[in-house]
Every structure is written in C-alpha cells, then in structure tokens.
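Engineer: One structure follows; several queries about it will come next.
The values are calculated or read from the model by the stated rules, or taken from the named source; none is laboratory data. These numbers were taken from a predicted model, which means no experiment stands behind them. Here the Cβ positions follow ideal geometry from the backbone for every residue, glycine too, while neighbour counts run over all protein chains shown.
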Amino acid sequence: IPVDPFDLVLFGATGDLARRKILPSLFHRFQIAQFSPQSRIIGTSRSKLDKSGFQAFVAEAIREFGQEGETGEEDIAAFVQLLDYVPVDAKDDTGWLALKSHLRADVIRVFYLSVGPSLFPEIASRLSSCNIATPESRIVLEKPFGHDLGSAQALNGALRDHFDESQIYRIDHYLGKETVQNLMALRFANSLFEPLWNSTHIDHVQITVAESIGVAGRGEYYDRSGAMRDMVQNHLMQLLCLTAMEPPSRFTSNAVRDEKVKVIEALETVAQGDLARGQYRATPGSAVADSYLDHAGDPNSRTESFIAMKVQVANWRWAGTPFYLRTGKCLRARESEIAVYFRDPPHNIFEGADGVHGNVLVIRLQPDEGITLRTTIKDPGPGGMRLTGANLDMTFADSLPEAGRPQDAYERLIMDVIRGNQTLFMRGDEVEAAWAWADPIIDGWSQSGDAPQPYDRGGSGPEDSLLLMHRDNRRWRTIG
Ligand code: BG6
C-alpha cells in the first residue's frame, strides 16, 4: 500500500548508517512504488556538499549496499531526482533557515537523526525554535538511546520539551526483522501454541544472537558499550519481551508496548553468579589473529564482547521457567534464534527406549528465517519401538517463494514512520525500564572489577557460559 508523500530530512546523511542502510532502504521502497516521486529526501550534515554531490554519493551507496541484482541504473537515476542537500551544523545557526525553506507545507515531515545521541537535544531544540517541526512532524532516533537510566531519562526529557511521545520513533532494528514480527503472528494468530506458552509446559527458553564479525573499525564506540549495552539492553530485550509478553487485546502500538513494559518490569536483577562475560582473544596460528584488545584502544579493557545470562521473569506465567540469553562477537557463525524447550512428557510408556524428550520450537531470525519444531517419532524400520528425533521444518523462503526478497528491517521501519505506526518502535518508558534493569547488573561487575573471561575466536564463547547451563543440567544449542 503506497504511503502519502513526505519530506524526509536525514541528519547525518553522509554517515555510515545512512550509506549502508537508510538510503538503500529508501531506494528499494521507491523502486516498488511504495512512495511516489512527489516525496523528497533532504540530506543534511556538516559536509559542504551540493545537491549533485549528494546525488552522486547516494547513487554510489546504492550500488555498493543495495540488494544484489536490484540496483538498476535507470531506477537509481529516477531515485536521485528526489534528493536534495542542505549543509546544516547541529551546533550553530548554519543552514537551519535554508532547511526550512526546502520543506513543503502540505506533506508529512520526518526528521531522521542518524547522528550520535549527544546531538539529539540540540537538533530537537533547533527544529522547534526555528519552527521547522510542526505538531504533525515525526522524529526518528537511532540507538544508542542513552548509556544508562539517567542519560536515557535526560534524552527523553529533552525530546519531550519539543515533541509529543506520539511523534517520537526510537529505532531498534531488530523489531523490523521479518521473523521477529512472525513471533507475534505465531503466538497470537494460532491457537496451538498459546495454551502451552507458560511455565507449566515450557522448561526454559534460549535466546541466542551470535555474530561472526568482531569490533574492528568501531572499537572506540564498542569499548564504551560492551555486549550488554550494545545488544542485550535493546535487541535481546525486545526478543525476550515478544516471547514472554501477555497477548495484547488489540494489535495497536500502545497495547503492544504496554505489554512489553510489563515484562521488563517483571524481570529480576541478574545475580553476578548467573552471568558469564567474555572477551575474544587472538587465535595463535590462525590467519585472522586479532584480538578484542587490538581494537579497544585500551590494552587493559574489561569490556565484554560476549555475555550470557540466566534471566527470571517474575510473574504468574513464567515463574520457574528461566530465559537464557547469550550474544557475542567473533563466534563460530552468524546465527540468531529463539529456542523454546517444552517439558519432557510426564510419563514414558516406551519402557527401555531412550529419546523421549520435550519438543523444541526454534524460531530462526537469521540466516534462513524460519521455524522448526523438534518432535520425537518412531525410528523407521525394523528393530522394535525405537525412538528418534525429527524436525517439522518451515523455511520462509521455501514455503512462501512468491513473497520474493525479504524486506530489510529498515525498509519496513521507515515506511511505518511515514504511516504513523509506532508499534515497532520503543516507547520512552520502555527504554527507561530496560535501563533500570540493566544498570544494577552493569554496576555489579564494575564494582567487582572482574575481568571478562577470554575465549577463542570462532568458538561458542567462554567456558563460564557453558558452566552456566551445566549447573542447571541444561545445554546451549550448538552455534553453526
Ligand atoms: C547493532 C550493534 O545494533 O546490531 C552491532 O551495534 C551489531 O554491534 C548489530 O553487530 C547486529 O545487527 P544484525 O541485524 O546484523 O543482527
């Protein structure tokens, strides 16, 4: 469904995220005519580019980062006609009036801040004081949204001085991923799962976001964040919320977000003994031998590039069913999934046969998006009643080939901003609740001064992470 015409002002238009994600995503939505040539994209940054320089920059970005096989030159030429560029300095008066004169009165205005969070308050304030933002305008913010609870509250306060919460779109790109939304469809559009979706039937849940890349090129940012701030407080928290939340009464943005906030508020603080932190080290003899510390900028850095933890959701539905989360860099494979382990059948009638185990529902986020249900069946052939495991497998690309290329998360999220749909964006109270949970955990290890445990590149994380599971007589799923 096409969206209404808009003027989208992109702050940080020559930055890395704009080049890799935002601009190619806009291009692909234009390509399939989701928005019309009446829309405009106005790049701004401190760079002294002109319109044609920006057009050339964007064309190059699309060729490099657009979807393979879908970056025809004719389409690129048509798309760059929608672009304009105004040099603006967020920190002084440069360019603001020029920017205002580029905007039209009768279309939706979107201000997309693909800049560091320290610039959010300044830009919001100038958009308001120069009368560039209207009460219908939307403002989009990239992560990180704060560094802790205090900084997130300060950012929220500074934004709300000028914008209503209904105008604010805080991006967590995990919410734009196809399978993440499918998790809601799976739970709330099927009658099979929901009656079993509780601690009576579910033994535990494992949420894994494994990455094979390291921190090269962004060591300075990463060393101030670590895996907890970079991935857990936001992306893994969203996955946990969608898995654990109560069914909202309707699929509206506030109904969904109300339920997510309740999950975060029900989380118990994770004790230091229930977490494992790791830092990848050089692998001797390997072709890729750099370690985390080669990029951190601090040879004694205690920042974690891996974290695993056991999380308890203290409410009626989940008491007694732990959620195990883990994420890390330089692991064996890029693999993200949510695995729901159902309890073993209460009684084994197949005396002498081993292999009567609980079902496992795996929701694969990337790669090979899909859903697998591990079942137990009779081992075919002679030999009596022997049992074995078999998968009911659905890979979206195979099951729904007519759906074509999956949308990138940014394509979906930007179109949702234009439509005014906030369901897949984090509300201010949600971000603050997530920091309120994360802060004491981070403080705990800062105070103890414990260093993260080294782990080898290309593996599945540090020893402590395995022990965290063994202690509970459970095992992580294999990565890769
Ligand atoms: C970003 C983190 O938010 O998400 C990165 O800052 C991480 O460190 C990235 O690599 C992972 O996103 P995706 O979509 O590749 O899983």
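Engineer: Which of the strands (runs of 3 or more DSSP E) found entirely inside region 352-443 contain at least 3 residues meeting this: at pLDDT 90 or above and within 16 Å of the ligand (Cβ to nearest atom)?
Structural biologist: Answer list for region 352-443: 360-366.
Engineer: Can you find a residue that is out of contact with any Pro (no Cβ under 9 Å at 6 or more places or on another chain), within 16 Å of Leu26 (Cα to Cα) and not β-branched (Val, Ile, Thr) anywhere in region 91-108?
Structural biologist: No, that holds for no residue.
Engineer: Quick check on my filter: what residues within region 463-479 are under 24 Å from the mean Cα position of the chain (by Cα) and within 14 Å of Asp274 (Cα to Cα)?
Structural biologist: Hit for region 463-479 is Ser465, nothing else.
Conditions tested, residue by residue: (1) crowded, with 17+ Cβ neighbours inside 10 Å; (2) under 18 Å from Gln233 (Cβ atoms).
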| residue | (1), (2) |
| --- | --- |
| Glu432 | yes, yes |
| Asp450 | no, no |
| Gly459 | yes, no |
| Asp472 | no, no |
| Arg475 | no, no |
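Engineer: Based on this model, can you work out whether Pro248 counts as more than 20 Å from the chain's Cα centre (by Cα) and closer than 21 Å to Lys177 by Cβ?
Structural biologist: Numbers: more than 20 Å from the chain's Cα centre (by Cα): yes; closer than 21 Å to Lys177 by Cβ: yes.
So Pro248 fits the description; yes.
Engineer: Still on this structure, I have one more. So the check is Cβ under 7 Å with 6+ separation or different chains; which pairs have a first residue in region 233-250 that's under 21 Å from Asp443 (Cβ atoms) and more than 16 Å from the ligand (Cβ to nearest atom) and a second one that's at pLDDT 95 or above and of a type outside the set (D, E, K, R)?
Structural biologist: Qualifying pairs under 7 Å: none.
Engineer: Moving on. Can you name every residue in region 45-62 that is in contact with a Phe, Trp or Tyr (Cβ under 6 Å, 6 or more places away or on another chain) and either of a type in the set (Asp, Glu) or over 15 Å from Leu10 (Cα atoms) (or both)?
Structural biologist: Keep residues of region 45-62 that are in contact with a Phe, Trp or Tyr (Cβ under 6 Å, 6 or more places away or on another chain), which gives 49, 51, 54, 62.
Hit for region 45-62 is Ile62, nothing else.
Engineer: If you don't mind, another one. Which of the residues that make up region 48-63 are part of a helix (DSSP H, G or I) and touching a Ser or Thr at 6+ places or on another chain (Cβ under 9 Å)?
Structural biologist: Of everything in region 48-63, those that are part of a helix (DSSP H, G or I) and touching a Ser or Thr at 6+ places or on another chain (Cβ under 9 Å) turn out to be Gly53, Phe54, Phe57, Ile62, Arg63.
Engineer: Answer with yes or no whether Arg138 is more than 16 Å from the ligand (Cβ to nearest atom), of a type in the set (Lys, Arg) and surrounded by fewer than 18 Cβ atoms within 10 Å (Cβ to Cβ). Give the steps one after another, and end with the answer.
Structural biologist: Working: more than 16 Å from the ligand (Cβ to nearest atom): yes; of a type in the set (Lys, Arg): yes; surrounded by fewer than 18 Cβ atoms within 10 Å (Cβ to Cβ): no.
No, not satisfied.
Engineer: OK, next. Going by what's in this entry, would Ser301 be described as closer than 26 Å to Leu149 by Cβ, part of a loop (DSSP other than H, G, I, E, B) and small (Gly, Ala, Ser)?
Structural biologist: Yes.
Engineer: Continuing with this model, one more query. Exactly one condition in (1) touching a His at 6+ places or on another chain (Cβ under 7 Å); (2) part of a loop (DSSP other than H, G, I, E, B) is not met by Tyr324; state its number.
Structural biologist: Going through (1) touching a His at 6+ places or on another chain (Cβ under 7 Å); (2) part of a loop (DSSP other than H, G, I, E, B) one by one, Tyr324 breaks only (2).
Engineer: Which one of the conditions (1) over 25 Å from the mean Cα position of the chain (by Cα); (2) exposed (fewer than 13 other Cβ atoms within 10 Å of the Cβ); (3) assigned to a helix (DSSP H, G or I) does Ala105 fail to meet, given that it meets all the rest?
Structural biologist: Single failed check for Ala105: (3).
Engineer: So Ile307 ticks every box in (1) under 18 Å from Arg277 (Cβ atoms); (2) among the aliphatic types (A, V, I, L, M); (3) at pLDDT 95 or above; (4) more than 16 Å from the ligand (Cβ to nearest atom) but one. Which box is left unticked?
Structural biologist: Unmet for Ile307, out of (1) under 18 Å from Arg277 (Cβ atoms); (2) among the aliphatic types (A, V, I, L, M); (3) at pLDDT 95 or above; (4) more than 16 Å from the ligand (Cβ to nearest atom): (4).
Engineer: Which residues, taken from region 242-273, are among the basic types (Lys, Arg) and buried (at least 18 other Cβ atoms within 10 Å of the Cβ)?
Structural biologist: Arg257, Lys260 - these are the residues of region 242-273 that are among the basic types (Lys, Arg) and buried (at least 18 other Cβ atoms within 10 Å of the Cβ).
Engineer: Scan region 197-213 and give yes if some residue there is within 21 Å of Gly278 (Cβ to Cβ), more than 10 Å from the ligand (Cβ to nearest atom) and acidic (Asp, Glu), otherwise no.
Structural biologist: No, the conditions are met nowhere in region 197-213.
Engineer: Report every pair of residues separated by at least 6 positions or lying on different chains whose Cβ atoms are under 6 Å apart, first residue within region 203-224 and farther than 19 Å from Ser460 by Cα, second of a type in the set (A, V, I, L, M).
Structural biologist: Gly219/Ala296; Tyr222/Val215; Asp223/Ala296
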